[in-house]
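In what follows, a structure is listed as structure tokens, so that the remarks can point back to it.
Please treat every number below as a calculation from the coordinates, not as lab data. Everything numeric in this text was worked out from a predicted model, so none of it was measured. FYI the Cβ positions are ideal-geometry reconstructions off the backbone, even for glycines, and counts take in every protein chain you see.
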Amino acid sequence: MTRVLIDPTSELNPTARERLPRLASLDGRTVGLLDISKPRGDLFLDRLEQRLRERGAEVKRFKKPTFTKPAPVDLRQQIATSCDAVIEALAD
Amino acid sequence: MTAPPLPDGIVAFVKRECPTCELVAPVLADLTARTQICVYSQDDPSFPAGAEVVDDAGLAASWHYRIEAVPTLLRVEGGVEKERAVGWHRGEWEELCRVSGLGPDLPETRPGCGSLSVDPDRALELAVRFGATPLRSRRVELASREDEFEAMFARGWSDGLPLVPPTEERVVAMLEGTTRAPDELVAVVPPDLAPCTVEKVAVNAVMAGCLPEFLPVVLAAVEAVCTDEFNMHGLLATTMPSGPVIVVNGPVRRAIGMNSGKNVFGQGNRANSTIGRALQLVVRNVGGGRPGDVDRAAHGGPAKLSFCFAEDEEGSPWEPLSASLGAAAGASTVTLFPGEGPRNVVDQLSRDPESLARSFAVNLRSVHHPKLVMAFDAMLAVGPEHGRIFREAGWSRERLTGRLHELLQIPGSQLVRGADGIAEGLPEQVRDATLPKFRPDGILVVHCGGGAGLFSCIIAGWVGSGVGSQPVVREIGT
């Protein structure tokens with residue numbers, strides 16, 4: 001007799017999402033820097049901002065309210081609509 | 001499966017082991033000679049003698065036509081039931097069959113027996129076989145030579161221990177434990193933020209080893225952890241060792257046989273062990289929270305597997321923990337606390353509450369680090385022999401927690417970086433301040449444990465307040 005079990009999972013079958021193409025150049029592009037609110041993440045991002053500006057990129061800074069929770073939807077949307085790329089700092 | 005068609009005329013349902021069916025066997029043979037009748041036999045196709053018998057040992061006809069007792073007579077016209085008589089009643093039978101003089105030697109009436117199609121031992125199997133269960137989940141078919149226990153490990157469903165295979169019958173039986181509909185949404189479970197129905201909780205409760213009567217407790221626990229206040233996402237993702245600790249209060253504790261006494265945090269009680277496990281299996285399987293993925297704990301702890309216990313309310317000097325947190329008195333509740341493993345506090349010499357409170361305070365100060373303050377909550381599990389000292393002295397829970405907060409006001413000079421030769425600590429600016437170890441609501445006192453041993457336990461929390469997790473109380477439904 002065929003044995004059948006009931007699936008205990010969420011049955012989410014995420015299809016692999018296509019990545020956006022890499023930027024050919026940073027010149028004139030906007031890069032978002034997302035601080036997740038871990039201590040000293042800002043030091044790392046300050047340095048990145050300096051290096052990015054040297055290469056001609058525009059930089060916008062963002063910050064999650066707390067590192068323990070996912071970024072709020074409106075923050076994610078703000079980043080997605082105003083930046084060409086984003087760098088997230090995980091520091092401690 | 002669709003209902004098997006019935007022949008027109010009289011249709012009888014019988015089983016040999018029913019004395020009333022034995023009694024009316026000659027009547028059925030008589031009817032075979034006088035009218036158009038077909039007998040469906042549930043347990044013996046040679047019974048009754050002298051009748052045209054259909055073997056219904058598979059119970060397909062009995063189940064689909066909802067036969068509850070035997071003998072049952074139906075009058076069928078154009079394949080549709082028009083009349084029904086249950087048990088033996090001469091007048092009803094003669095009217096239904098349009099004949100007279102049936103069973104002249106028989107008593108006027110005789111009640112029948114239960115139909116095999118409603119036998120409690122077979123009802124679930126039949127419902128599953130005939131496709132009447134409400135389950136919507138995907139079916140996972142195992143290969144013929146696949147070991148079912150290994151198959152569950154291989155699919156990643158297990159927390160590392162063997163699981164009870166979630167067959168359709170077991171899940172349907174589990175759902176009998178709640179009045180809630182299987183497709184009702186219980187919560188959105190992190191980290192995948194996946195919608196979780198009562199059915200999905202039931203599947204995982206089966207795997208955890210729960211009895212159906214545990215299900216309402218599991219449902220309440222799932223609801224509680226999936227709140228913004230409890231922040232299961234953060235608790236799962238943190239590198240700290242904590243997990244969801246479930247404290248159960250109210251009448252449900254005794255109804256389902258939970259342990260609040262000896263070895264309360266240990267092994268051996270099915271409800272304690274499996275309710276906590278079911279919650280974590282929901283987080284794992286529905287939420288997608290797995291160690292090494294979103295679960296980044298450096299060390300982990302028992303609450304990552306199962307940490308559930310009941311408060312000893314009967315022996316407690318205080319009102320139930322849930323009532324102290326605002327729940328209605330007498331309500332059955334779960335209180336969810338983000339905790340690590342319990343650590344023992346030995347004090348065998350204190351005989352007055354002030355001395356014992358001081359013992360608790362020095363131990364509580366070491367939660368996560370003696371030099372770190374206002375970041376973590378703690379649960380203090382007072383054992384009965386310690387509880388007695390507070391009861392006899394008339395100390396309320398508020399007086400105890402108030403005194404603990406007073407005793408845990410710590411001079412900044414002891415906390416700053418470098419103090420005691422330890423780099424860990426707070427910035428130099430706090431040197432002249434006095435800081436509390438815990439936030440005002442940061443000490444939860446619960447009463448439990450065995451009656452011998454002048455011990456209590458501390459269950460340290462992780463990050464408290466808005467950043468981390470706050471304790472959450474939920475009433476247990478039906």
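Descriptive notes on the structure:
- Each of B:Ile458, B:His64, B:Ala3 was placed along the dipole of chain B (beta-carbon charges, centred on the mean Cα), and the one lying farthest toward the positive end is B:Ile458.
- CD proxy at 222 nm, helix term only [per DSSP H run n ≥ 4: -39500 (n - 2.57); per residue of the protein assembly as shown; nearest 500]: -8500 deg cm²/dmol
- Remark: the Cα gyration tensor places region B:9-129 in the prolate category, a/c being 1.5 or greater and a/b exceeding b/c.
- Degrees, to the nearest 10: B:120-129 long Cα axis against longest axis of chain B: 90 degrees
- Here the protein assembly as shown is treated with +1 on each Lys and Arg Cβ and -1 on each Asp and Glu Cβ, and its dipole about the Cα centre works out to around 2380 debye.
- Cα-derived Rg to Rh of chain A, Kirkwood definition: 1.19
- In percent, rounded to a whole number, the relative contact order of region B:235-341 is 49, using alpha-carbon pairs under 8 Å and six or more apart.
- Share antiparallel - DSSP beta bridges, the protein assembly as shown, percent rounded to 5: 65 percent
- Gyration tensor verdict on the protein assembly as shown (Cα atoms; rounded if a/c is under 1.5, prolate if a/b is larger than b/c, oblate otherwise): oblate
- For chain B, cysteines whose Cβ has no other cysteine Cβ within reach (under 4.7 Å): B:Cys38, B:Cys97, B:Cys196, B:Cys210, B:Cys226, B:Cys308, B:Cys448, B:Cys457
- Structure note, pairs B:Lys200/B:Lys304; A:Lys63/B:Lys304; B:Lys304/B:Lys371; B:Lys262/B:Lys371; A:Lys69/B:Lys371; B:Lys304/B:Lys437: Cα-Cα distances above 22 angstrom occur for A:Lys63/B:Lys304; B:Lys304/B:Lys371; B:Lys262/B:Lys371; A:Lys69/B:Lys371; B:Lys304/B:Lys437.
- Axis angle, to the nearest 10 degrees, between helix B:19-34 and the longest C-alpha principal axis of chain B: 40 degrees.
- Pair-distance profile P(r), taking every C-alpha pair of chain B, with 20 angstrom steps and integer %: 21, 37, 23, 14, 4, 0
- Using the Karplus relation 6.51 cos²θ - 1.76 cosθ + 1.60 with θ = phi - 60°, the per-residue 3J(HN,Hα) values for region B:82-89 come to 10, 9, 8, 10, 10, x, 9, 8 Hz, with x marking Gly and Pro.
- Inter-chain Cβ neighbour average for residues B:159-167, partner chain, 10 Å: 2
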